[in-house]
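Written below as structure tokens is the structure these notes are about.
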Amino acid sequence: MTVSGGEPLLQADFCVELLRLAKEKGIGTAIETAGNVPWETFERALPYLDFVMYDMKVFDNDRHIAYTGVPNLRIKENLKRLAQTGKRVIVRTPVIVGVNATEDEIGNIAAFLRDHVPSLDYYELLPYHKLGLSKVDHLGMDFGEEFEVPPKELMATLGAVAETYLP
């Protein structure tokens with residue numbers, strides 16, 4: 001069972017109880033998180049998790065603030081601490097042209113993972129897509145049209161960059 005959201009750890013009490021009950025029933029568990037919660041929240045959920053899918057959107061702190069509204073220092077620190085627990089970790093980066101679809105950005109993320117996440121199962125680059133834009137329209141928001149879907153060639157190049165850091 002994978003708990004996802006938005007950010008499921010923002011509903012920590014519910015999330016931890018749901019994971020606990022699943023483990024009691026012998027159900028495998030995972031969580032999808034952006035990691036921007038207090039470490040103590042992770043600690044509460046860890047006993048009930050088999051693995052964690054962790055988003056690392058942008059490595060550069062200033063760019064992270066510009067595109068998400070928050071710094072990424074806690075996100076990086078939580079990922080380091082998570083790796084020290086020995087939990088299996090999958091890190092994913094949504095690749096968005098004009099935001100993080102550069103060799104430097106992906107290289108910096110991959111180097112960080114190599115140096116700090118020995119329990120990494122794999123690193124996945126997820127190409128941005130426009131499938132959710134209809135939801136944005138229904139919510140009366142104006143967001144997402146300005147981003148481009150990355151071409152396959154760019155995804156291949158970025159994948160090759162990541163592979164130079166991660167076996």
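The values are calculated or read from the model by the stated rules, or taken from the named source; none is laboratory data. Just so we're clear, the structure is a prediction, and the values are computed from it rather than from any experiment. Glycine gets a Cβ as well: all are built from the backbone with ideal geometry, and neighbour counts include every protein chain shown. These accessible areas exclude ligands, DNA and RNA; they are computed on the full protein's heavy atoms, side chains included. Shrake-Rupley method; radii C 1.70, N 1.55, O 1.52, S 1.80 Å.
Simple point charges give the picture: +1 on the Cβ of Lys and Arg, -1 on the Cβ of Asp and Glu, and for the stretch 1-47 a dipole about the Cα centre of about 200 debye. Each residue of the stretch 90-107 was assigned a 3J(HN,Hα) from its phi angle through the Karplus curve 6.51 cos²θ - 1.76 cosθ + 1.60 (θ = phi - 60°); the sequence is 10, 10, 10, 10, x, 8, 10, 4, x, 10, 9, 7, 10, 4, 5, 5, 5, x Hz, with glycine and proline shown as x. When shorter helices are ignored and each DSSP H run of at least 4 residues is given -39500 (n - 2.57), the per-residue value for the chain at 222 nm works out to -13000 deg cm²/dmol. Shape verdict for the stretch 24-121, please, from the Cα gyration tensor: rounded (a/c under 1.5), prolate (a/b greater than b/c) or oblate. Cα axes put the stretch 24-121 in the prolate bin. The C-alpha atoms of the chain define a longest principal axis, and helix 152-165 lies at about 60 degrees to it. Phi angles across the stretch 109-118 convert, under the Karplus curve 6.51 cos²θ - 1.76 cosθ + 1.60 with θ = phi - 60°, into 3J(HN,Hα) values of 5, 4, 5, 4, 5, 4, 7, 10, 10, x Hz, Gly and Pro given as x. Solvent-accessible area of the chain (1.4 angstrom probe, protein heavy atoms only): carbon and sulfur portion equals 54 percent. Ranked by the mean number of other Cβ atoms within 10 Å of their residues, highest first, the peptides 73-81, 151-159 fall in the order 73-81, 151-159. The overall shape of the chain, judged from the alpha-carbon gyration tensor, is oblate: a/c is not under 1.5, and a/b is no greater than b/c. Solvent-accessible area of Arg63, all protein chains in place: 90 Å² (probe radius 1.4 Å, heavy atoms, ligands and nucleic acids excluded). Taking other residues whose beta carbon is less than 12 angstrom from the beta carbon of Ala66, and scoring Lys, Arg as +1 and Asp, Glu as -1, yields 0. Among the listed pairs Lys25/Lys80; Lys57/Lys87; Lys25/Lys87, those with a Cα-Cα distance over 23 Å are Lys25/Lys80.
Identify, among Met56, Ala83, Gly69, the residue whose Cα sits farthest towards the positive end of the charge dipole of the stretch 33-94, taking +1 on the Cβ of Lys and Arg and -1 on the Cβ of Asp and Glu, with the dipole about the Cα centre. My answer, from the dipole projection, is Ala83.
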